[in-house]
Every structure is written in C-alpha cells, then in structure tokens.
Amino acid sequence: MTPTEVSDYIAQAGRDAWLVPDVPANTPRRKIAKVGVIGAGTMGGGISMNFASAGIPVLILEQKPEALDRGMEVVRVNYQRSADNGRFPQSEVAERMGRLAGTMEMEALANCDLVIEAVFEDMALKKQIFTDLDRILKPGAILATNTSALDIDEIASVTKRPQDVIGLHFFSPANVMKLLEIVRADHTANDVIATCMDLARTINKIAVLVGVCPGFVGNRILFARQAQAQRLVAQGAMPWDVDAALNTFGFRMGPYQMSDLAGLDIGWKKGAKTANPIRDALCELDRRGQKTGAGYYDYDENRRPIPSDVTAKIIADITGVSAGSAPGPDEIIADCIHPMINEGLKILEEKKAQRASDIDIVWLNGYGWPADKGGPMLYGDTVGAEAVLATMERLGASDERFAPSATLKRLAKDGGRFIDVQPG
C-alpha cells in the first residue's frame, strides 16, 4: 500500500471503531453528571483529570489522607505545567482543580453516576470493592473497572446488577494517552455501552469496544510479543538486540526499553520466583528500571540506556547460552511481530473484537505501533499469510500457545486479506 492508502485506511478504521452494530443508534443514554474514581495514584489521578478537564465533577476515594493529598498535588502540578506551557489559560488550573474533591468514605460515592475503580490488579480486592459499590451506589449508576487484564465477568458476578458493570481500560498516563478500551462483559447493558462510547468522545479519547479475555485486545497481543522477546533472549539474543530490531521496525521503544520505563518490579516481590527468572535476578540486585538507575540497561545521568555487562552476565548464567548466537534483526522482527498478527486472528475468531481494523486502532493509539505500517492486521497483508504461517508453524512446534490459528491457515491456503477477516 502507498503511504496515502495506509493513511486513508487508518482514518476509516478510526471512524469505524465508534460503530457498534448490535447497539441501536437510538439507545437511550444515561446521564453522567458526577464521576467517582477509586484510587488517587498515577492511574486514578490521570483518569480523574480527563473528566475534570471536560467539565465533569470528580470525587476521588483514597484510604489514607496522605495518599489523597499526594495524588491531588500531582494533578495540580500536571495542570500547572500544562498552563505554563500554554495549553490553556492560567485561570483554568483553579477551575479544573475546583472540579476535584477527595474523600476517604466509600459511602460518599453514593450519588455518583459513574464510578471507576483504579486500584492495583488484585482480583480479591476488586471483588470486595464491587461488593461495596453494589451496596452503596444509587440505581442506574455505572460500575466500571480499569483492570488491564482481569476477568470482568468475575468482578461483575459479586454484584446484583451485572448489567451496569463495564471495563474502562485507560492507558498510562491516562491524562495523555488517547486510547480507551471499553470492555463489554457478558451482561453489560446496551445503554451502558452507548453511554460509555459517548463519554469517551466527551473526554477526548479514542474508544474501541472489546470483549472479555485475558488482556483484552491490546495487552493480549502484547503478551504474545513479550513471550517471544523472552524466548529470543533465552536463545542468546541480548535485550538491546531485540529492542534495536523493533526500533528499526518503527517502535519508539522495544519491549525491554518499555519494561525499564514501566519498572521491572511490577508484579514482583522480593524473593519471588516467576516465569521470568532474568527479570527476577535483576530485581534482586535492585535493578528495577529507570527509577533505580538500572534495569535491563544501565543509565547515565541523562537516562540514556547503555547495554549492561551485569545484565549480559545474568542472562549467560541463567540461559547457559553464549552471546553472539542470537538470531539476526529480520528473524527477531518476524518472531515478535508475526505472533501479534496470529493472536489478532484468534481474538477475531473468539469475537473479542468487532472488526480487524479495531485491533489496528488499539495498537496505533495505545502501544506506539508505527503509523506507516498501519497496525498488526494491515501489516499482515503487507508480509502475506504464507510468511506469517511459516513463522507460526516454526514457533508453534515448540510452544502450542503459538500454533497457527485456523484463520491464518485458511488465509494462506485460500487467499484473502487480514483486514477483511470477520469476527467468528
């Protein structure tokens, strides 16, 4: 495709993402005049800013006054920085902050029209919160979770109103990132979906409706890429080899650069043994990413990443594979990107995305997919089903999670385009 054709495809895909064929356009909307957010951390504060910036009052719930004060101050500093940079008049800092209030009493959320839970990823904690919300919130309120991967049907099961439960998966930093994955659970009502799609426009987000599965659309595909990146390192690639190949492909950050930025200790505790022993060993040395000055990479005073001899030795000790036996950049790209395409097809087979182009919109707006390549599904059409199938047959031979999807086999045999694949 020419650059103009790719650009036209992305524009049309963006328009299509707003369309929900099985929710009638005349579905009544619920009024959202006041929003509650549970959690004043990085995610909760960023989510709150979206609504305050759009003129909607927000009540933020925290457990401790110091956590609430800290979260409010971070929001104020963010607003002040934007005003200082000319994004809006100085007077708006006070106006926006005036739409934010804090509480440590969950009962104070009773009159909110929408409450978004933004606590850490712990199913038991989320189920307790939703049990309490079910008891406290007024009839007709929307109960939303910001979970990035957990089963929303399980969360909804603790309520007497599963029709009012939905996933609103914001991306971090939530006040900056444009993507909003709106996650429809088994019992989510049509008017809740329609209301949340409209609300996404109000708060200036790009919304994509997805279904419940581990990681939904974006993170599920990311998990496939991460697994292959780990496999490549286990076979002798260095993290900077993998990142360099994906940087060349067009990603601003590769998986290991991303991990260092996010923090290696997400989901890790001291002494823990996980499925990623290299990460565990780095964390035990307090190499937890940019925040500690070292992770997979070393960092200089300007946070410039430098390949690390410490990391290279840890990898050699754990894998027993000598450096230099790594696959080349082309194989790294195929092994990381082709499984993303295959996972996208599986998502469509399971009807967890409405259309193939929605998958591309998620990755373009939430994960930094290079715009000139149009998204994973369009890129599949660029490289061809036969090439993707050959990669997946090779990877699937040693790991059944990466076996070629039935749709991939059909496309390779009969022809057809990835972007034309229909759900189911």
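Roughly how many whole Å is it from the C-alpha centroid of the stretch 9-37 to that of the stretch 372-416?
What the calculation gives is 31 Å, centre to centre.
Which longest uninterrupted range of the chain lacks any trypsin sites (Lys or Arg not before Pro) assigned by DSSP to a loop state (not H, G, I, E or B) and surrounded by at most 15 other Cβ atoms within 10 Å?
No qualifying site falls inside 179-251, the longest such stretch.
How many percent of all Cα-Cα pairs in the stretch 111-194 sit more than 15 Å apart?
For the stretch 111-194, the fraction of Cα-Cα distances above 15 Å is 52 percent.
Using the C-alpha atoms of the stretch 300-424, what convex hull volume per residue, in cubic angstrom, is computed?
About 147 Å³ per residue, rounded to a whole number.
On C-alpha positions alone, give me the angle between the axis of helix 385-396 and the longest principal axis of the chain, in degrees, nearest 10.
Helix 385-396 sits roughly 90 degrees off the main axis of the chain.
How large is ³J(HN,Hα), in whole Hz, for each residue of the stretch 235-250 in order, when computed from phi with the Karplus curve 6.51 cos²θ - 1.76 cosθ + 1.60 and θ = phi - 60°, using x for Gly and Pro?
9, x, 6, 8, x, 6, 5, 5, 4, 4, 5, 6, 5, 4, 4, x
Given the pairs 64/126; 127/269; 291/351; 351/409, which span a C-alpha to C-alpha distance of over 29 angstrom in this model?
Listed pairs above 29 Å: 291/351.
Given springs between every Cα pair under 10 Å in a Gaussian network model of the chain, which of 198, 414, 298 has the largest fluctuation?
Result for the chain, Cα springs under 10 Å: 414 fluctuates most.
Under the rule of at least 5 residues apart or a separate chain, name every residue whose amide H is placed under 5 Å from the amide H of residue 206.
Here 179, 180 satisfy the definition.
With every protein chain present, what is the per residue accessible area of the chain (1.4 Å probe, Å²)?
Heavy-atom accessible area per residue stands at 44 Å².
Can you list the residues, at least 5 places off or on another chain, whose amide H is less than 5 Å from the amide H of residue 102, using H built in the peptide plane?
Distant-sequence amide H within range of residue 102: 60.
What ³J(HN,Hα) values, in whole Hz, does the Karplus curve 6.51 cos²θ - 1.76 cosθ + 1.60 give for the stretch 252-269 when θ = phi - 60°, with x put for Gly and Pro?
Values per residue, Gly and Pro as x: 5, 10, x, x, 7, 4, 5, 4, 5, 5, 6, x, 6, 8, 5, x, 10, 10 Hz.
Bin width 5 Å, alpha-carbon pairs only: give the P(r) of the stretch 270-314 as whole percents, running from 0 to the bin holding the largest distance.
5, 25, 31, 22, 12, 5, 1
Using the alpha-carbon centroid of each, what span in Å lies between the stretch 115-155 and the stretch 233-294?
Each part reduced to its Cα centre gives a spacing of 30 Å.
Given the options 276, 242, 18, identify the residue whose Cα lies farthest towards the positive end of the charge dipole of the chain (+1 on Cβ of Lys, Arg; -1 on Cβ of Asp, Glu).
18
With everything on Cα atoms, drop me the angle between helix 356-366 and the longest principal axis of the chain, reported from 0 to 90° to the nearest 10.
80 degrees
Helix 3-16 sits at what angle to the longest principal axis of the chain, using alpha carbons and giving 0 to 90 degrees rounded to 10?
Around 40 degrees separate the two axes.
Which whole-Hz couplings ³J(HN,Hα) result when phi for each residue of the stretch 45-50 is put into the Karplus expression 6.51 cos²θ - 1.76 cosθ + 1.60, θ = phi - 60°, listed in order with x for Gly and Pro?
Residue by residue, the stretch 45-50 yields x, x, 4, 4, 4, 4 Hz.
What whole-number value in cubic angstrom gives the convex hull volume per residue for the C-alpha atoms of the stretch 1-61?
Roughly 160 Å³ of hull volume per residue.
With the chain treated as a Gaussian network of Cα nodes joined by springs under 10 Å, which of 91, 405, 48 yields the largest mean-square fluctuation?
In the Gaussian network model the winner is 91.
Which aspartates and glutamates, if any, have their Cα less than 18 Å from the Cα of residue 31, not counting same-chain residues under 8 positions apart?
Straight-line reach from residue 31, under 18 Å: 113, 164, 191, 198.
Check which residues have an amide H placed less than 5 Å from residue 38's amide H, if you skip close sequence neighbours.
It is 61, 116, 117, 118, by chain and number.
The values are calculated or read from the model by the stated rules, or taken from the named source; none is laboratory data. As the structure is a prediction and not an experimental result, all values here were calculated from the model. All Cβ positions, glycine included, derive from the backbone under ideal geometry; neighbour counts span all protein chains shown. We work out accessible area using only protein heavy atoms, side chains counted, and drop any ligands, DNA or RNA first. Shrake-Rupley method; radii C 1.70, N 1.55, O 1.52, S 1.80 Å.
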